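This is the structure, below, for whatever I ask next.
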Amino acid sequence: FLCSCRCLVLLLSHALAISDNYLWLGTFSKGLRRIDLNSGHTRTYLKSDHKFSIPDNHIYALHKGSDDKLYIGTMHGCAVYHADSDSFTHIDSLKRNFIYDITEDDSGNIWFADYGRGLHRFNRTDSIWYHYRHSADTTSLCNDRVIRLYIDSRSQLWICTEGAGVVDVGGSVLRVRK
């Protein structure tokens, strides 16, 4: 399905998502690519001075939410793609944050792994942001370099930090697993 010119795109990819009939590829430094799975047509989105462009060309995370929004995590912020206008809106609460991973729990909360600033949760029902950071409290994050999020078959959120351990979330309580 992919010709040799598109293999390079896959080799540089950090993130993948399927939304509608498109394969989205987040690249390390070449922006965001969208491939139409029917026609093979490719569109590239790059950071620009336009306020509706992606926040950065280093894409680390893509997530299609249950709200049908495509969330794009970059080294310098996070954005949401709007298909009707073929544009992006930056998430103000995550400006200049290094978003490494994005997932969604069964309650519709969107979780953002932030490399350097901990963990963010957006409660879509109440439109409230929650921020979790490392502290002296033994139930806090192991450190603030969060690199992966995973929800297991029991709907348990697992948080992987770089070099400091794994944390699981039971309800809204963080528990460190060493």
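State, as an integer percentage, the relative contact order of segment 75-178 based on alpha-carbon contacts under 8 Å between residues 6 or more apart.
Working: 236 pairs, mean separation 17.6, N = 104.
For segment 75-178, the relative contact order is 17 percent.
Next up: Expressed in nm², what is the orientationally averaged projection area of the convex hull enclosing the Cα positions of the chain? Could you put the intermediate results ahead of the total?
Details: hull surface 44.7 nm².
Here the figure is 11.2 nm², rounded to one decimal.
Averaged per residue, what accessible surface does the chain expose to a 1.4 Å probe, in Å²?
Details: 9380 Å² over 178 residues.
On a per-residue basis, the chain sits at 53 Å².
Once the whole set of protein chains is in place, how much accessible area is left on Ser153, using a 1.4 Å probe, in Å² to the nearest 10?
120
Calculate what fraction, in whole %, of the accessible area of segment 1-130 sits on carbon and sulfur atoms when a 1.4 Å probe is rolled over the protein chains. Please report the intermediate quantities before stating the final value.
Values: 3250 of 6540 Å².
Carbon and sulfur atoms account for 50 percent of the accessible area of segment 1-130.
Now for a different question. Between Ser155 and Ser107, what is the label-to-label distance in nm when each label sits 7 Å out along the Cα-to-Cβ direction?
1.0
Let me ask you something else. With a cut-off of 8 Å between alpha carbons and a minimum separation of six or more residues, what is the relative contact order of the chain in percent? Kindly include the intermediate steps, with their values, before the conclusion.
Details: 442 pairs, mean separation 19.1, N = 178.
Result for the chain is 11 percent.
Report, in deg cm²/dmol and to the nearest 500, the calculated mean residue ellipticity at 222 nm for the chain, where each DSSP H run with n ≥ 4 adds -39500 (n - 2.57) and the sum is divided by the residue count.
Numbers: 1 runs with 8 residues, N = 178.
It comes out at -1000 deg cm²/dmol, rounded to the nearest 500.
Taking the Cβ of Pro55 as the centre, find all other residues whose Cβ is under 9 Å away and add up their charges (Lys, Arg: +1; Asp, Glu: -1).
Working: positive: Lys47, Lys95, Arg96; negative: Asp56.
Overall, the nearby charge balance is +2.
The values are calculated or read from the model by the stated rules, or taken from the named source; none is laboratory data. Just so we're clear, the structure is a prediction, and the values are computed from it rather than from any experiment. Every residue, glycine as well, gets a Cβ built from its backbone with ideal geometry; the counts of neighbours run over all protein chains shown. Just the protein is used for accessible areas: all its heavy atoms, side chains included, with ligands, DNA and RNA removed. Shrake-Rupley method; radii C 1.70, N 1.55, O 1.52, S 1.80 Å.
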